[in-house]
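Notes follow once the structure below has been shown.
The values are calculated or read from the model by the stated rules, or taken from the named source; none is laboratory data. Quick caveat: nothing in here was measured; it's all calculated off a predicted structure. FYI the Cβ positions are ideal-geometry reconstructions off the backbone, even for glycines, and counts take in every protein chain you see. Just so you know, the surface numbers come from the protein's heavy atoms only, side chains and all, with ligands and any DNA or RNA stripped out. Shrake-Rupley method; radii C 1.70, N 1.55, O 1.52, S 1.80 Å.
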Amino acid sequence: MSKDEISKEIESKFGNHLRVRVNGILIEDNKLLMVKHLMGNGKILWSVPGGGMHYGENAAQNLIREFEEETGLNVKITKYLFVHEYLDPPLHAMEHFFNVKSTGGSLKLGEDPELSKEFQILNELAWMSLEDIRSLPQDSLHQIFWRINSLEDLGLWKGYFNFGNISIK
């Protein structure tokens with residue numbers, strides 16, 4: 001199968017090297033804020049807001065910036081949760097997950113400044129209940145959501161996870 005332009009752009013910007021990412025778990029009214037990403041070749045990925053760290057900014061600064069860029073919301077970090085190793089070549093990332101609370105702003109779909117206007121991958125924002133998340137096809141959902149029993153599970157996990165094979169707690 002030939003690669004479409006978005007998947008080529010994703011691979012060129014984010015592929016074939018290890019990235020460090022920060023991600024925010026924002027739950028309000030028993031719903032989780034999720035972002036739909038276009039991954040190219042018709043593939044999508046639902047995950048929480050977040051992105052790659054910039055050199056010279058700490059994790060909190062990076063996550064606050066990413067939330068504002070992607071969602072228009074201002075957040076504060078309330079707790080470090082866990083780290084997940086995402087490995088789906090050519091993508092490889094160490095993803096740090098934090099619990100966050102909204103402190104203001106207006107919810108609106110933003111843009112990824114690392115990508116040009118023609119290759120934006122952010123496609124939709126949605127508040128999702130556990131039932132909404134479970135209704136998504138597994139291959140369109142970030143691995144951390146594949147087997148959760150409740151949204152509260154996300155705040156209980158501690159340690160290192162690689163759902164492709166093992167977890168270390």
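Across the accessible surface of the chain, with the other protein chains kept in place and a 1.4 Å probe, carbon and sulfur atoms take up 52 percent. For the options ILE133, ILE148, ILE44, a Gaussian network treatment of the chain with springs between C-alpha atoms closer than 10 Å singles out ILE148 as fluctuating the most.
A 1.4 Å probe over all protein chains sorts ARG134, ARG147 by accessible area into ARG147, ARG134, starting with the largest.
Of the cross-linked pairs LYS36/LYS79; LYS43/LYS108; LYS43/LYS79; LYS31/LYS76, which ones have a Cα-Cα span greater than 29 Å in the structure shown? As for pairs spanning more than 29 Å Cα to Cα, those are LYS43/LYS79. Put the Cα centre of region 71-86 next to the Cα centre of region 93-117 and the gap is 9 Å.
Summed over the residues of the chain and divided among them, the accessible surface reaches 52 Å² per residue at a probe radius of 1.4 Å.
Rg and Dmax of the chain, based on Cα coordinates, read 15.1, 45 Å. Considering only beta bridges that DSSP places wholly inside the chain, some 75 percent are antiparallel.
Ordering VAL75, GLY42, MET53 by the projection of their Cα atoms onto the charge dipole of region 28-85, which places +1 on the Cβ of Lys and Arg and -1 on the Cβ of Asp and Glu, puts GLY42 at the extreme positive end.
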